[in-house]
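The values are calculated or read from the model by the stated rules, or taken from the named source; none is laboratory data. Since the structure is predicted, the reported quantities are computational estimates derived from the model, not experimental observations. Please note: Cβ atoms are built from the backbone with ideal geometry, for glycine as well, and neighbour counts cover all protein chains shown. Side chains are part of the model used for accessible areas, which takes the heavy atoms of the whole protein and leaves out ligands, DNA and RNA. Shrake-Rupley method; radii C 1.70, N 1.55, O 1.52, S 1.80 Å.
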Amino acid sequence: MSDDHTHVQEFFTARAADWDRRFPDDGPAYAAAVAELGLREGGRVLDAGCGTGRALPALRAAVGRSGVVLGADLTPAMLREAARAGRNRDGALLLTDVAALPLRSSSLDAVFAAGLIAHLPQPGENLRELRRVVRPGGMLALFHPVGRAALAARQGRRLTPDDLRAEPNLRALLTGAGWRMTSYVDEDTRFLALAVRDA
């Protein structure tokens, strides 16, 4: 396992047990972001970097019982918390690295990724892997329940022009990975960038 992976696992393992209690009011923001994906009954969707699975109920509601919902995360402790919260009833939980997904190419309609991009060691390559598993015309949602400025303030740092989630930086990164950004919202109460997989 790489140092990047070890760091991510250590960071989230230490926080897993209290994660949902620290952010108890995020449910509506997750549901609203999932709705923006335009999923249909019977759809197939991955929550990449699912953590405690807070998006899984909304994803299941969007695709119905005939759909497929997967939650993938690198940190066993986060997946244990997802199961403890009963979210494994809404989607199958996979202990895996989103940089090397055990999924067939073009097998999904969409990927939802909350808070993931900041933790990707090689964002360009990792976004290409997410593209691989999505069908042409499928969607990607990069979400955070807090906007960039509010998150920076919470973390005691300043936004800089090289911020990965700044619109021009993210648009270029997505384009280079085979995605076309279709919308970008960065407000205090949410961050949401949507992209479509080109053919």
Wholly inside segment 1-119, strands (runs of 3 or more DSSP E) that include 3 or more residues that are within 14 Å of the chain's Cα centre (by Cα) are 44-48, 68-73, 108-114
For segment 140-149, check the following and say yes or no: at least one residue is farther than 27 Å from residue 43 by Cβ and open to solvent by less than 10 Å² (accessible area, probe 1.4 Å). yes
Taking only segment 36-78 into account, find how many residues are open to solvent by less than 20 Å² (accessible area, probe 1.4 Å), of a type outside the set (Gly, Ala, Ser) and more than 28 Å from residue 136 (Cβ to Cβ). 3
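Conditions tested, residue by residue: (1) in contact with a Cys (Cβ under 8 Å, 6 or more places away or on another chain); (2) at pLDDT 95 or above.
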residue: 48; (1), (2): no, yes
residue: 56; (1), (2): yes, yes
residue: 63; (1), (2): no, yes
residue: 66; (1), (2): no, yes
residue: 88; (1), (2): no, yes
residue: 97; (1), (2): no, no
Right, residue 165: over 30 Å from residue 66 (Cα atoms), surrounded by fewer than 17 Cβ atoms within 10 Å (Cβ to Cβ) and of a type in the set (D, E, K, R) or not? no
Which of the residues belonging to segment 98-112 are touching a helix residue (DSSP H, G or I) at 6+ places or on another chain (Cβ under 7 Å) and either of a type in the set (Val, Ile, Thr) or surrounded by 15 or more Cβ atoms within 10 Å (Cβ to Cβ) (or both)? 98, 99, 101, 111, 112
Any chance residue 193 is over 26 Å from residue 57 (Cα atoms), crowded, with 16+ Cβ neighbours inside 10 Å and within 17 Å of the chain's Cα centre (by Cα): no
Taking only segment 167-185 into account, find how many residues are in a loop (DSSP other than H, G, I, E, B) and either without any contact (Cβ under 8 Å) to a residue 12 or more places away in the chain or aliphatic (A, V, I, L, M) (or both). 1
If you take the residues of segment 120-138 that are free of Cβ contacts under 8 Å to residues at least 60 places away in the same chain and part of a loop (DSSP other than H, G, I, E, B), which of them is surrounded by the most Cβ atoms within 10 Å (Cβ to Cβ)? 120
